[in-house]
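In what follows, a single structure is set out as C-alpha cells and then discussed.
Please treat every number below as a calculation from the coordinates, not as lab data. This is a predicted model, so every value here is computed, not measured. In this analysis, Cβ positions are derived from the backbone assuming ideal geometry, glycine residues included, and neighbour counts consider all displayed protein chains.
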Amino acid sequence: VLYNIEIQTGDEQIETLDSPVYMQIYGTTTTTPKFFLESKNPSFKKDTPSKFSISSNNVGEIERIVIGHEGLGKVNDWYLKTVKVQMLGQQQEYVVDKWLSPTQGEHRLFVELSKEKPPSPLPPPPPRNDSNDYIKYHILKSF
C-alpha cells in the first residue's frame, strides 16, 4: 500500500538537517518496518514541507507513528512542526512543535505520536425534579 507523507520543518530550524530521517507506522493489524525518508533534493529545510511516497505493508487503521533521525549528520538539530500520513483514504495529522536534537529541547532524536482519541462523552445530566413534585412534597409535609 502507498503511504503519502508530508513533514513540515518549523521556522525555528536554522540549517538544513542532513541526518537520515526514519519513520515507523503502527496500526490496528500490524506495523511497518522502520523506513527512511530519502530524497534527491535536500529535505527538512527551515519552514518547508517535505513530501514522500513510501510503499509498504497495510497496517490497518493508523494508530501511532514513530519519527526521528539517526543523529549522524553535520546538522543534527531538527525542529519538527507537523507530520501528515495518508493511506487508503485515511489521513492522520500530528502537531509536534518540538526539537528532535541531541542539544536542544528534550535531547531526544525521535518522538512517538499517537492518534488523538475523541473526547469522552459527557455523563448525562441528573434527572430534573419536576417543580410539581417539589410543591407536593412541601404541601404534604406541612400537614
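Compactness of the stretch 23-91 is given as radius of gyration and Dmax, 13.1, 38 Å, from Cα positions. Highest average first, the peptides 50-59, 92-101 ordered by how many other beta carbon atoms sit within 10 Å of their residues are 92-101, 50-59.
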